[in-house]
């Protein structure tokens, strides 16, 4: 079957390249996933999170290419066939990790945090994680609160939301082209024009939204569409890139790799301007690598096309799914020592390899959800440049490699997860009532009845192996508000009068003042109780404000109301301290 996209010379080069067709993209997947893994695990390189942007470009290129090729071959786009392929490719592996994460979370987390993880898993399964995290105000770059082990599903949600709309656009273009009897070149111009408008509009919105609402901009579909759109534009205009001289292609590919590397070390989580405009750097780098390889294999690019790189590229989807839950769940069980990092690497790679060979690939090759129409479309794709060949390994090699890695993973995980037995707790103080004469011999204070009771309680608490029954329970306290409703207004930007945020006798000779942010606000209620039961000796006054850390540096964006009000609130707090002399 002829490849209608390419002139004869290009087809001959691709046929000569044979099995190495587009292995550069598999290598590019490796670059992307390893940047993400290293950044999330080690914090190096500091901009490794741009690997997701590289994935977006690759995904937009491959999916658009397959849609266009199906349209060219069959004269139609079957939404049913397209979404069946997407479900078989994406959903099983993603669901496996969701289920395993929730099961592990049951044993690791408290009930309140587990319930949050379960809600995250539902959002991830429905491919709306990005909306959930964006609405909640999750800051991708900070860990000020509990981090969801399913937070990385946001990028899958963005992709699938894009693929919910883009096939329909391609379909409409095909219908119009058929009715107008347009030639292929005119159809290409129309598709490129439509995507060009989408890219420009999305990028402009992304720049504006990043400046005004960076948290939402990071997770928003509309601020990310332009990245997938760049990949789609390359697929639409692919014939133009086939004219690039062979001698120039290695230089273009290496330029792309260098641009991505520069972005990984230049872009930082604290630098602002992400996703726009700085995501342009990894997007352009990925685009250059893809463009350079449209005519087949190229020289001097073994860094991407070697067997190791292409194999990691093959398992990159599974590795991406596994890496983040492993990092977050293990961080709840282990200190960040060498053992932690080694354990994370073994488990995430072991899980990804096993899932890829024994779960993901068998389902993709199965007849699950398969129809005759989908088979015809898939056969058409088998003869196009868009079908990427998976690196083959012998069954013996697979068994040995997977078995060895599974054994090492099990050994490391067992060592890491085995409970550490603490030494028996020595009593804080032996609760013995001693006389004054005995004290010289035993070197102990004589304790009264209250002292004996307290010492016994302390010894019992230190020796405890589980939490006592608390009222309210730990989970209820975590789920509840940071402060009661009658205290919370005192920590807002517009706060009540000072006397309404002071508790205890106003004429009390001793004063406690509370300064700081939301953590300080949580101290007020017990201090209020203390002051009101001090027989008029103490009062407590609040100068704290939610989100206003009492440091001489800005901890929040001045664009939000708490960040803008914080400097003046700290000045007022210092003035109050100097006046009241607490």
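None of 554, 565 is surrounded by fewer than 15 Cβ atoms within 10 Å (Cβ to Cβ) and closer than 30 Å to residue 214 by Cβ except 554.
Among the residues of the stretch 78-93, are any surrounded by fewer than 21 Cβ atoms within 10 Å (Cβ to Cβ) and within 19 Å of the chain's Cα centre (by Cα)? Yes.
The selection criterion, being crowded, with 20+ Cβ neighbours inside 10 Å, out of contact with any strand residue (DSSP E or B) (no Cβ under 6 Å at 6 or more places or on another chain) and modelled with pLDDT under 95, does not hold for residue 260.
Take residue 149 and decide whether it is part of a loop (DSSP other than H, G, I, E, B) and either within 24 Å of residue 86 (Cα to Cα) or touching a residue at least 12 places away in the same chain (Cβ under 8 Å) (or both). In short, yes. Restricting to the stretch 328-362, name every residue that is within 30 Å of residue 87 (Cβ to Cβ) and surrounded by fewer than 21 Cβ atoms within 10 Å (Cβ to Cβ). Once the filter is applied, which keeps residues that are within 30 Å of residue 87 (Cβ to Cβ) and surrounded by fewer than 21 Cβ atoms within 10 Å (Cβ to Cβ), the stretch 328-362 yields 354, 357, 358, 359, 361, 362.
The values are calculated or read from the model by the stated rules, or taken from the named source; none is laboratory data. Because the structure is predicted, anything quoted here is derived from the model rather than measured. Note: ideal-geometry Cβ built from the backbone for every residue, glycine included; neighbour counts use all protein chains shown.
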